[in-house]
Amino acid sequence: MSVYGPVVKIHPVVLASIGDSYERRNEGASRVIGTLLGTIDKHSVEVTNCFSVPHNESEDEVAVDMEFAKNMYELHKRVSPSEVIIGWYATGFEITEHSVLIHEYYSREATNPIHLTMDTALQSGKMNIRAYLSAQMGVLGKTVGVMFTPLSVKYKYYDTERIGIDLLERTRDAPNTTNGLTSDLCQVGGAAGRVQEMLATSGKQTADNSVGRYLMDLVNKVPKITAEDFETMLNSNINDLLMVTYLSNLTQAQIALNEKIVVL
């Protein structure tokens, strides 16, 4: 339960990446750590990406490859400039003394970094995911220690991530089965079914006039064209697409032929 601080919104791709790094950890390693990337606003911290950072940990000391972390962040900035360092993660259930040392490093890379823990070993029977914000303890002018305060955690996903989540849910009860991605038509059908379910509960909840106005605006934006005009427009776009595909394949074949001639 959050005492104070922002709400932490985590995307599924982050959890999948942490779980994958834990499965690929070095032999003998008890946990993995990594950098969290995302965006920050006044009331929330959104975690959209992450990457693991090599480290060695023993009872007496911990060593983190800081150079690797900096290089990886520079590469990520080229792809997603809007994502910044917002904290770090660690697999496991507890916050150790080494966690405090690692948190000090990330405090130099980000303002008020968050610390995310993910119980990949399922010690409590489920994958507990918690987020913390650190606060200095002690008297004025002298710090005694660091206190980690829990934050509220919520889950957020993009439409593309929802497709992966639905695919994982279908294999939850039968992990040995193989499932592929559904076609676009099946996805439209599933979305329509969910809309029908929501409409079925409309009489059980208080109506929201603002939602009705949004729906009316959406319907009014749909262009009114005849079936013949729509078919003509669709066939024209399909012909354009086929022409582009044909020219692309022809170009690839010409490049491959040119490379073979040069080699000869």
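The values are calculated or read from the model by the stated rules, or taken from the named source; none is laboratory data. Treat the numbers as computed from the prediction; the structure is a model and nothing was measured. Because the Cβ atoms are built from the backbone with ideal geometry, glycine has one as well, and the counts that use them run over all protein chains shown. SASA here: full protein model, heavy atoms, side chains in, ligands and nucleic acids out. Shrake-Rupley method; radii C 1.70, N 1.55, O 1.52, S 1.80 Å.
Looking at the structure I just gave you, is K70 farther than 22 Å from L15 by Cβ, within 17 Å of the chain's Cα centre (by Cα) and surrounded by 10 or more Cβ atoms within 10 Å (Cβ to Cβ)?
Values: farther than 22 Å from L15 by Cβ: yes; within 17 Å of the chain's Cα centre (by Cα): no; surrounded by 10 or more Cβ atoms within 10 Å (Cβ to Cβ): yes.
No.
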Restricted to the range 170-199, and to residues that are surrounded by 10 or more Cβ atoms within 10 Å (Cβ to Cβ) and modelled with pLDDT under 70, which residue is farthest from T160 (Cα to Cα)?
N179
Every listed condition ((1) modelled with pLDDT under 80; (2) open to solvent by less than 70 Å² (accessible area, probe 1.4 Å); (3) under 26 Å from the mean Cα position of the chain (by Cα)) holds for A135 save (3)
Using the structure shown, decide if M118 is open to solvent by 70 Å² or more (accessible area, probe 1.4 Å) and aliphatic (A, V, I, L, M).
no
Residue by residue through the range 27-41, note down the ones that are in contact (Cβ under 8 Å) with a residue 40 or more places away in the chain and out of contact with any Gly (no Cβ under 6 Å at 6 or more places or on another chain).
S30, V32, I33, G34, T35, L37, G38, T39, I40
Give the residue, chosen from E74, E104, E94, that is within 16 Å of G34 (Cβ to Cβ) and either at pLDDT 85 or above or among the charged types (D, E, K, R) (or both).
E74
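For the condition out of contact with any Gly (no Cβ under 7 Å at 6 or more places or on another chain), within 29 Å of D159 (Cβ to Cβ) and basic (K, R), what is the one hit in K70, K77? Walk me through it before giving the result.
Working: K70 fails: within 29 Å of D159 (Cβ to Cβ).
On inspection, the qualifying residue turns out to be K77.
Within the range 58-67, can one find any residue that is among the hydroxyl-bearing types (S, T, Y) and either within 17 Å of the chain's Cα centre (by Cα) or open to solvent by 70 Å² or more (accessible area, probe 1.4 Å) (or both)?
Our first condition is that a residue be among the hydroxyl-bearing types (S, T, Y); within the range 58-67, this holds for 58.
Add one more test, that the residue is either within 17 Å of the chain's Cα centre (by Cα) or open to solvent by 70 Å² or more (accessible area, probe 1.4 Å) (or both), and what stays is none.
No, every residue in the range 58-67 fails to be among the hydroxyl-bearing types (S, T, Y) and either within 17 Å of the chain's Cα centre (by Cα) or open to solvent by 70 Å² or more (accessible area, probe 1.4 Å) (or both).
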Considering each of H103, H55 in turn, give the residue that is of a type outside the set (K, R), over 21 Å from L133 (Cα atoms), in the same structural domain as V32 (by the TED database) and buried (at least 17 other Cβ atoms within 10 Å of the Cβ).
H55
Filter the range 28-49 for residues that are polar (S, T, N, Q), open to solvent by 20 Å² or more (accessible area, probe 1.4 Å) and under 17 Å from V64 (Cβ atoms) and give the result.
S30
Restricting the search to the range 207-236, which residues are loosely packed, with under 10 Cβ neighbours inside 10 Å and of a type in the set (S, T, N, Q)?
N209, S210, N220, T226
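With the condition kept exactly as written, say whether any residue in the range 149-160 is open to solvent by less than 90 Å² (accessible area, probe 1.4 Å), of a type in the set (A, V, I, L, M, F, W, C), over 21 Å from E59 (Cα atoms) and in contact with a Phe, Trp or Tyr (Cβ under 7 Å, 6 or more places away or on another chain). If you could, list the steps in order and put the result at the bottom.
Kept after step one, since they are open to solvent by less than 90 Å² (accessible area, probe 1.4 Å), are these residues of the range 149-160: 149-153, 156.
Next cut, of a type in the set (A, V, I, L, M, F, W, C) only: 151, 153.
Narrowing further to those that are over 21 Å from E59 (Cα atoms): 151, 153.
After this cut, where a residue has to be in contact with a Phe, Trp or Tyr (Cβ under 7 Å, 6 or more places away or on another chain) as well, the list is 151.
Yes: one or more hits.
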